[in-house]
1. What do you get for trypsin sites (Lys or Arg not before Pro) in the range 147-181 restricted to DSSP loop and a cutoff of at most 13 other Cβ within 10 Å of the site's Cβ?
2. Quick one: putting +1 on the C-beta of Lys and Arg, -1 on the C-beta of Asp and Glu, what dipole do you get for the range 1-131 around its Cα centre, in Debye to the nearest 20?
3. With N set to the number of residues, divide the alpha-carbon radius of gyration of the range 22-180 by 2.2 N^0.38 Å and report two decimals.
4. Can you tell me, using C-alpha contacts under 8 Å and at least 6 residues apart, the relative contact order of the chain as a whole percent?
5. Using only the C-alpha atoms of the range 93-167, find the volume of their convex hull and express it per residue in Å³.
6. For all pairs of alpha-carbon atoms in the range 124-200, what percent lies in each bin of width 10 Å, listed from the first bin to the last filled one?
7. How many nm separate the modelled label positions at residue 46 and residue 158, each set 7 Å beyond the Cα in the direction of the Cβ?
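Computed from the coordinates by the stated procedures, all read-outs in this text should not be read as laboratory data. As the structure is a prediction and not an experimental result, all values here were calculated from the model. Reconstructed Cβ throughout: ideal geometry from the backbone, glycine too, with neighbour counts over all protein chains shown.
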Amino acid sequence: MSQSELPSSTGIDPKWNRRYEAGDTPWDMRIPSRELTRVLKEGLIRGRTAFEMGCGTGTNAVFLAERGFAVTAVDGAPLAIEQAQQLATRKNVSVEWMIGDVCQVPDLRRTFDFVFDRGCYHCVRLVNLAGYLDSLGRVTHAGSQYLVLTGNANETREGGPPRLHERELRADFEPLFQIDDLRPFRFDDPDGPTGPLGWSCLLTRL
Ligand SMILES: C[S@@+](CC[C@H](N)C(=O)[O-])C[C@H]1O[C@@H](n2cnc3c(N)ncnc32)[C@H](O)[C@@H]1O
C-alpha cells in the first residue's frame, strides 16, 4: 500500500476531518454501496483500473480492490484515509491512498477505466465544480466509465445530502461525458436502500 500527499494549497474544508473525528458521519455505512454492487453484478463496468473521488473510510475502494481492480482513492480528510488504510490492511488488499483535494488531483501519468464517486461530487460542486471536472478529465480517457451517486431534488423528506435536478447533472457532465443510465435510487441505510433519495448516474467519457 502506498500513500501520496497532494499539494497542500487546497480548498478542502477542514469540517470534513472534524466530522470524522466526532463520528458525525451518517453516510459512512461501512458496507459496500448497493448501487456499486448492482452495476458490477450486471456486468456494466469494463476495465480493471479504478479511481475513487472522496473515498471516505475506504469501504468501496477496498471492495473494488477485492474484486480485482487496481484502485487509487483520494479524500481530503486525513482521518478518513487513516481508517481506509487500516481497513485495507485488515482485508489484505492493496489500494493507493491519497490525501488531497479532488479539485486538484495532480497529473498521475495515467488514467483509469472506472471512476466512482458516492457523495463527494454533490458537495464539492457547490464550491469548485470547475476544479472537480478538471480532475475528472485528467483521471479519465475516452471510454472511461464514471458512476456518480448524488442527492436528488425530488426528495420530499427533510435532511440528507445536497440535491440536484437532472438538468444540473446533464449541464455539469454532458460536455465531457455521455449519460448511459440515470435512475433514482435510495442511499443505503444499515437496513437497506431506505436512505435519502439519490441519482445513480453511469456515464462514459467521450
Ligand atoms: C458524504 S462523504 C462520502 C464519503 C464516501 N464516499 C462514502 O460513501 O462513505 C463526502 C466525502 O468527500 C470528502 N471531501 C469533501 N470535499 C473534498 C475535497 N475537496 N477533496 C477531497 N475530498 C473531499 C470528505 O472528506 C468525505 O469523506
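1. For trypsin sites (Lys or Arg not before Pro) across the range 147-181 that sit outside H, G, I, E and B with at most 13 neighbouring Cβ atoms in 10 Å, the list reads 157.
2. 440 debye
3. Dividing the Cα radius of gyration by 2.2 N^0.38 Å gives 0.99.
4. Details: 407 pairs, mean separation 40.1, N = 206.
About 19 percent, as a whole number.
5. Per residue, the Cα convex hull of the range 93-167 comes to 132 Å³.
6. Once binned at 10 Å, the Cα pair distances of the range 124-200 give 17, 47, 30, 7.
7. 4.7 nm
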